[in-house]
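Enquirer: I'd like to ask some things about the structure below.
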Amino acid sequence: MKKNHLLGLDIAQLSAVAQLEAADGSPCWSGTLRTDQTGWQQLEGLLRERHLDFGAVTVLIEATGVYHLPWAQKLSAAGAEVYVLNPLLAAKLESVANALRGHKTDRVDVAKLCEVGRLHQEALARFRYRPDPARQGLRELDHARAKLRQALTNLKKSLRSHLELVFPALLVAKINPGTQQAARILQAAPTAGAWGELPLRQRRELAGAKAAALDEACGRTLADEALATACVPALRVLLQAQQAMAAQLAACQAAIQPRLPAGRVALIRSLPGFGERTAAVMATYLPADFAGWGPRKKITSRVQAFFGCDPRLRQSGQWTGKVKMSKRGIGAARTALFQAAFCSLETDPENAAYYQTLRRGGPNHPPKGHKAAMVDLMRKQLRRLVAVLCSGQPFIARWQPQRITAA
């Protein structure tokens, strides 16, 4: 059925601002809906009054955290053609009616959404919402893993700060406070005085090869034993919290693995530099397919922007700013791509040679710094990634070092 109406939705926690208009831009209705069954029934009634069904409507929703997901899911199930647009995309098109005033309201936003759909619907194929609850669940699980990892990092920093007061000798002996060895030591002897009271045999069992270094550090420490002992309860609370958080993080990572698309992960891991973790991140955040994204070169550019590792240039008149990475996309995927590019310097001779060529420069291009060369290497890795995913074939290295023969 031909889509002869457009519906713009800007959804918040309790309400959704909506605008319904015909394909030629003539307004039909605008107002506010509740974000529950009452609002859904109101929308169904509005369409019935105009002898429309969801199959005749193109819906454009502004991506707003997680609030838009239930509506996108329900509208797709009802037969509507749904597009989820980043707020920045709608902001690029300033409605003529709002050009001078420059208002930023929800009603202006839904008007812009409808205008984007009316003028550029053919170019929006890659923003089409495709219901995939399992994939969304995987992304939410990876987001939870990132939050746990961040919390664990903060706990480790706090524990290290407390050790500076309670047991600085442990740090002087270069025993990592985040290891199981450090946890066993702190459980048995949380201060330098308590460590000195342990039998020599027990100290060697706990510290191993670093027992002598720890003994020496305890002998030279200036930490006050009474103050350190008074702060031990806080130290143990942080230690227990760190251990519990580490166990939760391990459980979260174990839950992610069986939910990954095994075939896709295998294709990504065939690329030099991609390991278990980086391949998992790519399989989680890349779209299930690249339908509507165009040819491979265009796909690579769009994925680069999707990850936020595309170059951004700002200039005005005679002033030209530095070209910097935009960092507007998915941070986890951008980090994983950088890690894969960096690891490929050790595992892939072709990438290592390419990096050295960028660093040296040549007659037609100046030498690049480390960061600029790594960004170029990230794009090279991205081209490989798109190639294996589009072809469905694993990566096969065919590069051979150039041989210089005598004249």
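Enquirer: What do you reckon, is T335 in contact (Cβ under 8 Å) with a residue 60 or more places away in the chain, of a type in the set (S, T, N, Q), surrounded by 15 or more Cβ atoms within 10 Å (Cβ to Cβ) and within 30 Å of A123 (Cβ to Cβ)?
Expert: No.
Enquirer: Out of the residues in segment 174-209 that are charged (D, E, K, R) and part of a helix (DSSP H, G or I), which is surrounded by the most Cβ atoms within 10 Å (Cβ to Cβ)?
Expert: Applying the filter and picking the extreme gives R203.
Enquirer: Looking at (1) at pLDDT 95 or above; (2) within 30 Å of F127 (Cα to Cα), which one does A305 not meet, given that it meets all the others?
Expert: Failed condition: (1).
Enquirer: Right, another one. Contact list please: Cβ distance under 6 Å, first residue in segment 346-368 and touching a residue at least 12 places away in the same chain (Cβ under 8 Å) and more than 20 Å from I396 (Cα to Cα), second residue of a type in the set (A, V, I, L, M) and surrounded by 15 or more Cβ atoms within 10 Å (Cβ to Cβ), pairs at least six apart or on different chains.
Expert: L358/A373; R359/A373
Listed here are the residues, each with its yes/no results for (1) of a type in the set (K, R); (2) loosely packed, with under 14 Cβ neighbours inside 10 Å; (3) over 24 Å from the mean Cα position of the chain (by Cα); (4) within 19 Å of V116 (Cα to Cα).
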position: G8; (1), (2), (3), (4): no, no, yes, yes
position: A18; (1), (2), (3), (4): no, no, yes, yes
position: G25; (1), (2), (3), (4): no, yes, yes, yes
position: Q42; (1), (2), (3), (4): no, no, yes, no
position: T64; (1), (2), (3), (4): no, no, no, yes
position: P70; (1), (2), (3), (4): no, yes, no, no
position: Y83; (1), (2), (3), (4): no, no, no, yes
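Enquirer: Now for a different question. Would you say G79 is out of contact with any Lys or Arg (no Cβ under 8 Å at 6 or more places or on another chain), modelled with pLDDT of 90 or more and of a type outside the set (S, T, Y)?
Expert: When the stated conditions are applied, G79 passes them.
Enquirer: When you check D10 against the structure, is it in a loop (DSSP other than H, G, I, E, B) and of a type in the set (D, E, K, R), yes or no?
Expert: Criteria not met by D10.
The values are calculated or read from the model by the stated rules, or taken from the named source; none is laboratory data. Predicted, not measured: the structure shown is a model, and the values here were computed from it. Neighbour counts are summed over all protein chains in view; Cβ atoms, including those assigned to glycine, are modelled from backbone coordinates with ideal geometry.
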